[in-house]
Every structure is written in structure tokens, then in C-alpha cells.
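Visitor: Can you read through this structure? Questions will come right after.
The values are calculated or read from the model by the stated rules, or taken from the named source; none is laboratory data. Keep in mind it's a predicted model, so treat the numbers as computed, not measured. A quick note on method: Cβ atoms are made from the backbone with ideal geometry, for glycine too, and the neighbour counts reach across all protein chains shown. The protein model used for the area step is the full one, side chains on, heavy atoms only, and it has no ligands, DNA or RNA in it. Shrake-Rupley method; radii C 1.70, N 1.55, O 1.52, S 1.80 Å.
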Amino acid sequence: MRVAGEVEDVMLDPEEHESLPDGRFLARTKSFVRRGTRMPKSLQNTWDQYANDFLIEVGRTTGKMSVDPSQDLELPTQYPSEQPLIVEIGCGGGDQLIAAAQRWPDHNFLGLEVWRPGLAKTVSKAVAAGVENVKLIEADATAVLSHLLPEAYVSEVWTFFPDPWRKARHHKRRLVQVEFAGKIAHVLKDGGIWRLATDWDDYAWHMRDVVEAAEDFANPYLGQNPDQNDPEPERGGYAPRFSGRVITRFEQRGLDAGRQVHDLVGVRLPREER
């Protein structure tokens, strides 16, 4: 999920912005901005013909990627059969999502993405693969997690290669934060898994800190797999590479540049233990 980000300061949406006591709204710092939506004619044709088979339409408030919190998606009815649900945040062009849907037909998959050409590519790959256990939502992942997914409904959430926001002054725009971890925890079943991966070292350190600081998660690899490049080289906390993660172009780009990929895992603690 390599997407840029910005602070929106127009079309202020109560669902997308921080509320002030006097009723005004402050723009929320986002981890993304919508990229161009123009598509080649062939991809547009695929979108026009098949998007309705895979896209879950959501009501909006005022923002283009906002969601109406009053709606009920009735997720079990969106799939041919009710099965454990895996959510990928930032599914991009669908390489990971569609490969997983083929590999695990006994699971349902939901991809969240704000880049329509990426969604169209995902639809094209889903059609070619003949999978029916995939649905997509074109919306801000934070809004979807906050308003559209039921509590304790999701088996796994995948956050692979989110934008690293490399400059220190932009680190606040990184998607993986303690507050975001709380939204993940809300939708995960007890014992559910949050899988993360990044090819930027300092984001890996940050992701580990978030997982271990989040009160609803445990790191099953606490103290394991230390990294000598880590500012705390003996601390560890990194997971083995997830065997279900395919090598996308984003990961390959990082590997070609000589960067190391770190996987992390957070296990959702039972609610009654808190």
C-alpha cells in the first residue's frame, strides 16, 4: 500500500475530522490521499462490467472517502457463504488479496482501498481467477474500521507495506499508531491476528512499539528474532515471514534496494481478561 497523504482542509466531515467544543471541526491528519482515478480503456471496461460483483457500495457523508456511520453493510449477506473474514488494508492492485482468496477458499476476504485504478485491477484479477470470496470497499480504512465493521467479527487484519512516511516530520501520518491499533482490536475476534510488514527499519521499530504498547494485543514473538540494526538490538519482537504473504512489487522494490523486510504479529487478547 504505497499511497501518499495530506491534511484535508475542505469539505470538513464530522466522520473524518476531530470535533471542537463549539461544533467546528479540525482536519484529521490522514495517511493517504486519493491518487488519480483515470484508467486505460480496457481497465475501465472491466470496472464497468464487473465492479458491481465485487464492490460493496457505502453511503457517504461529505468526504469522498467518508462513510455514513448509520448504515449496516450486512456483511454475511455480501458473500456466497458465511466464513471467517480476513481484511486487507490497502489492497493496492490486489496481488495479495486475490492470491489469498485462491489459496483459502474457506475464508472470505475484504479489501479496503482508496485508489480506484487499484480496485479495478483487483476486480480484473478476481474475474480472471474466478474467485467469489472477495469484496472491496472504496473508503478510508480508518472510517470503515470505526463505523462499518461489527465488533469482534474479523478473524485477521493485514497491514502490509503501508506508506512509511520517511521524513521525521511526517511520522505522525503513518497509519500504524496506538489509536489505530485500538480500531483494529475492536473489529478482531478474541484471539484474532493483526499481521503487519514493512521494508523500512524505523517503521518496523515503530510498529513493534505500537503492538507492544496496545493494551488489547500481545506480541507472540516478544524477545524473539533480534535485529542488530535495531536501536535496541537484543529486544527483538519480530515474526518470521508470513508464509501466506506473496511478494508484491512493493516488497520486491524494497528487496532490490537492499532493505530488510520485517513481519510483526499482534494477537487480540480475550476481552474478559482486560
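Visitor: Quick check on my filter: what residues within region 206-223 are surrounded by fewer than 19 Cβ atoms within 10 Å (Cβ to Cβ) and under 20 Å from residue 163 (Cβ atoms)?
Guide: 206, 209
For (1) over 12 Å from the mean Cα position of the chain (by Cα); (2) within 16 Å of residue 56 (Cα to Cα); (3) not β-branched (Val, Ile, Thr), each residue gets a yes or a no:
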| residue | (1), (2), (3) |
| --- | --- |
| 102 | yes, no, yes |
| 114 | no, yes, no |
| 142 | no, no, no |
| 151 | yes, no, yes |
| 159 | no, no, no |
| 177 | yes, no, yes |
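Visitor: To continue, here is another question. Select from region 63-78 the residues that are within 26 Å of residue 161 (Cβ to Cβ) and either in a loop (DSSP other than H, G, I, E, B) or in contact with a His (Cβ under 7 Å, 6 or more places away or on another chain) (or both) and write down the one among them that is modelled with the highest pLDDT.
Guide: Looking at residues that are within 26 Å of residue 161 (Cβ to Cβ) and either in a loop (DSSP other than H, G, I, E, B) or in contact with a His (Cβ under 7 Å, 6 or more places away or on another chain) (or both), I get 67.
Visitor: Can you pull out every residue in region 247-258 that is outside any helix (DSSP H, G or I) and loosely packed, with under 15 Cβ neighbours inside 10 Å? Spell out how you get there, then give the answer.
Guide: In the first step, residues of region 247-258 are kept if they are outside any helix (DSSP H, G or I); the result is 247-248, 257-258.
Scanning region 247-258 gives 247, 257, 258.
Visitor: Let me ask another. State which residue pairs qualify: first residue closer than 12 Å to residue 270 by Cα and inside region 177-195, second residue open to solvent by less than 10 Å² (accessible area, probe 1.4 Å) and not in a helix (DSSP H, G or I) in any location, beta carbons under 6 Å apart, and separation of 6 or more residues or different chains.
Guide: Taking only residues 6 or more apart or on different chains, the pairs are 188/154.
Visitor: Find the residue count for region 259-274, including only residues that are within 14 Å of residue 197 (Cα to Cα) and part of a loop (DSSP other than H, G, I, E, B).
Guide: The number of residues fulfilling the criteria is 3.
Visitor: While we're looking at this one, here's another question. From 190, 199, which residue is of a type in the set (Asp, Glu) and in contact with a Phe, Trp or Tyr (Cβ under 9 Å, 6 or more places away or on another chain)? It would help to see each step written out before you state the result.
Guide: Working: 190 fails: in contact with a Phe, Trp or Tyr (Cβ under 9 Å, 6 or more places away or on another chain).
Matching residue, one of 190, 199: 199.
Visitor: I would also like to ask the following. Could you grab the pairs with beta carbons closer than 7 Å, sequence gap of 6+ or different chains, first residue in region 218-245 and touching a residue at least 12 places away in the same chain (Cβ under 8 Å), second one surrounded by fewer than 16 Cβ atoms within 10 Å (Cβ to Cβ) and of a type in the set (A, V, I, L, M)?
Guide: 237/222
Visitor: How do the helices (runs of 4 or more DSSP H) wholly within region 111-187 filter down when requiring 2 or more residues that are open to solvent by 10 Å² or more (accessible area, probe 1.4 Å) and closer than 28 Å to residue 42 by Cβ: which remain?
Guide: It comes to 116-129.
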